[in-house]
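Report on the following structure.
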């Protein structure tokens, strides 16, 4: 089996690299560089990648090509990972439901809230912007409350729900909004635990060796969308 992963720097495709490292599955990594803030033409030229976005994987054994990070995670776990880092439907109903909720929370709630807050920043005094900021704060608070009760998002064990949820509270913050996470102590504790995992460190070094990892509460000083994308210095290691 040769699984080819198309990874865009400073993006949510870090999830796929991390999961593969956790599972110990070998893969071919193809890296794409932003131009300078958006996806480059090289991603749009990849056969089968209709949206031109990352992550995007191609499985040589099955001929399957797939985008959407959540779908890719589930494909890898169930086809090549023997179900590891997933909670099966045969588990206790509440345990299974919690896993499903947190597996989809990032893409379904948190990332959307962050994007809405980011794009309403120029109209900070409007009702729309204040509402977007409140929705983001509420989403992060829900996450913080959950992590006050459990070590990992789905419960006592690390799962794909954690893999899916790290991106919006770390790398996505380079795009905005400039939100301070220091009040969310449980989220920060969880980020520290995630960042300490050898597979996470290995994936980040492979995918984005120049990127400073945002595992603390302090917000980036400005969005790379307005500071030059990959040409800016704010996201790079010192």
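The values are calculated or read from the model by the stated rules, or taken from the named source; none is laboratory data. Every value quoted in this text rests on a predicted model; they were computed, and no experiment measured them. Here Cβ is always computed from backbone atoms with ideal geometry, including for glycine, and neighbour counts include all displayed protein chains.
Screening the range 114-131 for residues that are under 20 Å from residue 165 (Cβ atoms) and either in contact with a helix residue (DSSP H, G or I) (Cβ under 6 Å, 6 or more places away or on another chain) or modelled with pLDDT under 80 (or both) and picking the one that is surrounded by the most Cβ atoms within 10 Å (Cβ to Cβ) gives 114.
Scanning the range 105-122 for residues that are without any contact (Cβ under 8 Å) to a residue 40 or more places away in the chain and under 18 Å from residue 12 (Cα atoms) returns 108, 109, 112, 113, 115, 116. Residue 84 meets the conditions (1) under 18 Å from residue 202 (Cβ atoms); (2) not in a loop (DSSP other than H, G, I, E, B) in every case but one. The failed one is (2).
Here residue 48 clears all of (1) farther than 28 Å from residue 195 by Cα; (2) not in a loop (DSSP other than H, G, I, E, B) except the condition numbered (2). Under the condition of being part of a loop (DSSP other than H, G, I, E, B) and either in contact with a helix residue (DSSP H, G or I) (Cβ under 6 Å, 6 or more places away or on another chain) or within 22 Å of residue 202 (Cβ to Cβ) (or both), the residues counted in the range 51-77 number 3.
In the range 67-89, is there at least one residue being over 23 Å from residue 152 (Cα atoms), without any contact (Cβ under 8 Å) to a residue 12 or more places away in the chain, surrounded by 16 or more Cβ atoms within 10 Å (Cβ to Cβ) and in contact with a strand residue (DSSP E or B) (Cβ under 7 Å, 6 or more places away or on another chain)? No, there is no match, as no residue in the range 67-89 is over 23 Å from residue 152 (Cα atoms), without any contact (Cβ under 8 Å) to a residue 12 or more places away in the chain, surrounded by 16 or more Cβ atoms within 10 Å (Cβ to Cβ) and in contact with a strand residue (DSSP E or B) (Cβ under 7 Å, 6 or more places away or on another chain). Remark: pairs (first residue in the range 123-147, without any contact (Cβ under 8 Å) to a residue 40 or more places away in the chain and on the phi < 0 side of the Ramachandran plot; second residue surrounded by fewer than 20 Cβ atoms within 10 Å (Cβ to Cβ) and not in a helix (DSSP H, G or I); Cβ separation under 7 Å; 6+ apart in sequence or on different chains) = 128/120; 129/120; 132/120. Here's a check for you: in the range 197-238, which residue that is touching a strand residue (DSSP E or B) at 6+ places or on another chain (Cβ under 8 Å), surrounded by fewer than 16 Cβ atoms within 10 Å (Cβ to Cβ) and in the same structural domain as residue 151 (by TED's automatic domain parsing) is nearest to residue 181 (Cα to Cα)? The qualifying residue nearest to residue 181 (Cα to Cα) is 212.
All of (1) farther than 30 Å from residue 232 by Cβ; (2) touching a helix residue (DSSP H, G or I) at 6+ places or on another chain (Cβ under 6 Å); (3) surrounded by fewer than 15 Cβ atoms within 10 Å (Cβ to Cβ) hold for residue 156 with one exception: (2). For residue 152, are the conditions met, namely being in contact with a strand residue (DSSP E or B) (Cβ under 8 Å, 6 or more places away or on another chain), outside the structural domain of residue 24 (by TED's automatic domain parsing) and either modelled with pLDDT of 95 or more or over 26 Å from residue 92 (Cα atoms) (or both)? Criteria not met by residue 152.
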